[in-house]
1. Would you order 62, 209 from fewest to most other beta-carbon atoms within 10 Å of each residue's own beta-carbon?
2. Under a plain spin-label model, where a point goes 7 Å from the Cα along Cα-to-Cβ, how far apart in nm are residue 242 and residue 201?
3. Report the dimensions of the range 18-125 along its three principal axes from the alpha-carbon atoms, largest first, rounded to Å.
4. When the chain is treated as a GNM, springs tying every alpha-carbon pair under 10 Å, which of 60, 99, 143 comes out with the largest mean-square fluctuation?
5. Could you tell me which residue out of 250, 233, 193 lies farthest along the dipole of the range 134-252 toward its positive end? Charges go on the beta carbon: Lys and Arg +1, Asp and Glu -1, centred on the Cα centre.
6. Between their Cα atoms, which of 225/297; 33/111; 26/225; 26/332; 26/111; 260/283 are more than 32 Å away from each other?
7. Taking the alpha-carbon set of the range 264-333, what are its Rg and Dmax in Å?
8. Using a simple spin-label model with points 7 Å from Cα along the Cα→Cβ vector, what separation in nm is obtained for residue 118 and residue 278?
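Read-outs: derived from the displayed coordinates by stated rules, not from any lab. These numbers come from a predicted model, not from an experiment. Using ideal geometry, Cβ is built from the backbone for each residue, glycine included, and neighbour counts are taken over all protein chains shown.
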Amino acid sequence: MESSSSALSRLSNLQRHLHPQHSNSKIQQGLVKLSPEVAEALSTGHPVVALESTIISHGMPYPKNLETAKEVEAIVRENGAVPATVAILDGVPCVGLSMGELERLATLGTKAQKTARRDIAHVVANRGNGATTVSATMFFASMVGIHVFVTGGIGGVHRHGEQTMDISSDLTELGRTPVAVISAGVKSILDIPRTLEYLETQGVCVAAYNTNEFPAFFTERSGCKVHCRVDTPDDCARLIDANLKLKLGTGTLIAVPIPKEHSASGGLIESAIQIALREARDKNITGNAETPFLLAKVNELTGGASLASNIALVKNNALVGAKIAVALAQLKE
Ligand code: PSU
Ligand code: MN
């Protein structure tokens, strides 16, 4: 079997051969593999949108996950940006996946390892297949110079997080990695007010798109006000640009409410969440297994209504995110 150092040096040579002009040393060292399309876009300043992969492996069932992943990439392209789905395949962090790689990840499903920041090193060391969460995706996006990242929902402070300390590393990543994350807010499986408090502590600018209120993923409203409102992709681009120019070092969270016509009934979702939370407690499901468990349970209890809403909001985020990436690239011209 090929040793990992020779695999890395082979990759490194390949990268040098493919992208001699690229100045990012981590790419040149072969620590991360860019798809040819993403490499080309980054080297010419063309807009790029990063996409995560836990949503594919753990967030949705097969084959809807694959279908959605392909549609989301298509929406990003139709709106003028290059999609860069991030995942670790056979121990190699990849930014930009081929159709075959996307299919592989979707069929692996939960056999792929859910990979947050803390998991990156051991997935790479064991040459595993890792589906990156928001924290790990931000890390790799930032490493290669991608400023805009689209997902569905981010992790947050879990309910009773003040006792369990279960606080997603997505929030600390937002505190230390300068990438703008476009999401539909935070699911009400989490404690939304505490999630916003935690983001404030981390120094993260939370902006709501076309509203003054932070959205609650399946529904447009959470009852929590935000301190920053943005109304257009240009507004978002200026915000991101200011953050980058000042080298604040923090991420930006842009919360886009689910389109009205796709929002689920708040009452239906809330009762499903209550049942799912009780079941998670009874079965003692904790740690990084909790979010995927709750997502699947809520989907089952709502007879697929939550999955349909989830897919619709991710596509909408892809549309908005691509426009933001385009506006940001224009600002830099
Ligand atoms: N929320 C969703 N769908 C998801 C996730 C969260 O609505 O797929 C995934 C994302 O990858 C997110 C991760 O980064 O779960 C957070 O997991 P945890 O709570 O274990 O930090
Ligand atoms: Mn957790």
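1. With the sparsest Cβ surroundings first, the list reads 62, 209.
2. 2.6
3. Principal extents (Cα only, largest first): 40, 37, 21 Å.
4. 99
5. Farthest towards the positive end: 250.
6. From 225/297; 33/111; 26/225; 26/332; 26/111; 260/283, over 32 Å: 26/225; 260/283.
7. 17.0, 55
8. Between residue 118 and residue 278, the label points sit 3.0 nm apart.
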